[in-house]
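Take a look at the structure below.
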Amino acid sequence: MVVENNEEIKKALKSSVFDRTCSCGPTHINCMTAKEWMVSQIGVWQFLYEKRDVRKKSQHPATFPISLAKKVISLFTHEGELVVDPFVGSGTTLVAAQDLNRHCAGFDLNEKYIELCNSRLEQLDSFNKCNQKPIMDDARNINQYFSKDSISLIWTSPPYSNLLNRKRKNKSRRDRDNEQYDTIEQYSQDERDLGTYPVEKWTMAMGDIFQDLLPLLKPKGRCVINVPDFWMDNKRITLHIYLVEEMRRRGYELRNTIIWDRTNIVNNIGIFGWPSNYITMGTTFEYLLDFWKPPRN
């Protein structure tokens, strides 16, 4: 049961300082080595799961590897700085931040997921001085927790509109015999849950949330959002385009589009459209949209 006082958490976070604790030079933009930096310049990324990753749909319907979160956090922050995940879900961002000695706060509406976050953090051996905090609250309230220019990185994989809010009917799920076929894998049916929204409403809600977060980002602070495109009612929903256009309207600048190539972790791709329909093209990659807060003039 989550019983923490969010007002006390707000006071503690607003009074905290999230300065670098590394020994990097003042002009360094991260703590990476030259070799790590060079590899990161390739715009197509692949990752593998590890034992600590959450893979069971019964725990969370949409997770990503710890290695993905670590790559994003390493690329765009220094040790000691603050990472915020507005839709923290199973807590992977918190785990990655703990590994990398970054402060991190993750927000979610669902008490079950906050408990999962706490459980995962308790299982880790931590020798760093940074704090990782799951918080049960609406992403719309995050601006109450932090001071202006305090966040170095916003990194998240949000609900993908109402993609999950429908019964799973595709042949792949039936063949896997894993209890996913003909079920709804949604996070919740909470009216505040963006995963219940149609695309246009989802886009506006995302814009509202990230507009409120923009003043909290440091100048040139990054905001990286993982989204896919998908099929709905036999139409291709280009969610990443909706999001890019909305984020630009809200004051963010798109810096990079990275492709997360998932072919090495996707099972049973199948030939569902054969021989007359290409409906499954593009199901094995997702977008990592890299925005920043433009520097002040």
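The values are calculated or read from the model by the stated rules, or taken from the named source; none is laboratory data. Just so it is clear, the structure is predicted and the values come from calculations on it, not from any experiment. Neighbour counts are summed over all protein chains in view; Cβ atoms, including those assigned to glycine, are modelled from backbone coordinates with ideal geometry.
Numbers below:
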{"read-out": "Failed condition for residue 121, given (1) over 13 Å from the mean Cα position of the chain (by Cα); (2) at pLDDT 95 or above; (3) of a type in the set (A, V, I, L, M)", "value": "(2)"}
{"read-out": "Qualifying position, being under 28 Å from residue 145 (Cα atoms) and within 16 Å of the chain's Cα centre (by Cα), among 17, 72", "value": "72"}
{"read-out": "Scope segment 257-274; condition surrounded by 12 or more Cβ atoms within 10 Å (Cβ to Cβ), at pLDDT 85 or above and out of contact with any Leu (no Cβ under 8 Å at 6 or more places or on another chain); matching residues", "value": "261, 262"}
{"read-out": "Failed condition for residue 107, given (1) more than 14 Å from the chain's Cα centre (by Cα); (2) farther than 19 Å from residue 19 by Cα; (3) at pLDDT 95 or above", "value": "(1)"}
{"read-out": "Complete set of residues in segment 6-44 that are among the aliphatic types (A, V, I, L, M) and farther than 19 Å from residue 97 by Cβ", "value": "34, 38, 39, 42, 44"}
{"read-out": "For residue 9: the one exception among (1) assigned to a loop (DSSP other than H, G, I, E, B); (2) at pLDDT 90 or above; (3) more than 21 Å from the chain's Cα centre (by Cα)", "value": "(1)"}
{"read-out": "Pair list, Cβ < 7 Å and 6+ apart or interchain, from segment 221-232 residues that are in contact (Cβ under 8 Å) with a residue 12 or more places away in the chain and crowded, with 21+ Cβ neighbours inside 10 Å to residues that are among the β-branched types (Val, Ile, Thr) and part of a strand (DSSP E or B)", "value": "221/151; 223/154; 225/156"}
{"read-out": "Residue within segment 31-50 that is in a loop (DSSP other than H, G, I, E, B), over 15 Å from residue 226 (Cβ atoms), at pLDDT 90 or above and touching a His at 6+ places or on another chain (Cβ under 8 Å) present", "value": "yes"}
{"read-out": "Matching residues in segment 135-147 - criterion: being of a type outside the set (A, V, I, L, M, F, W, C) and assigned to a helix (DSSP H, G or I)", "value": "140, 141, 143, 144"}
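Results for (1) touching a Phe, Trp or Tyr at 6+ places or on another chain (Cβ under 8 Å); (2) modelled with pLDDT of 85 or more, shown as yes or no for each residue.
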{"position": "178", "(1), (2)": "no, no"}
{"position": "181", "(1), (2)": "no, no"}
{"position": "185", "(1), (2)": "no, no"}
{"position": "198", "(1), (2)": "no, yes"}
{"position": "203", "(1), (2)": "yes, yes"}
{"position": "214", "(1), (2)": "yes, yes"}
{"position": "221", "(1), (2)": "yes, yes"}
{"position": "226", "(1), (2)": "yes, yes"}
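Yes/no matrix, rows are residues, columns are (1) crowded, with 19+ Cβ neighbours inside 10 Å; (2) in a loop (DSSP other than H, G, I, E, B):
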| site | (1), (2) |
| --- | --- |
| 69 | yes, no |
| 84 | yes, no |
| 88 | yes, yes |
| 95 | yes, no |
| 107 | yes, no |
| 112 | no, no |
| 118 | no, no |
| 127 | no, yes |
| 133 | yes, no |
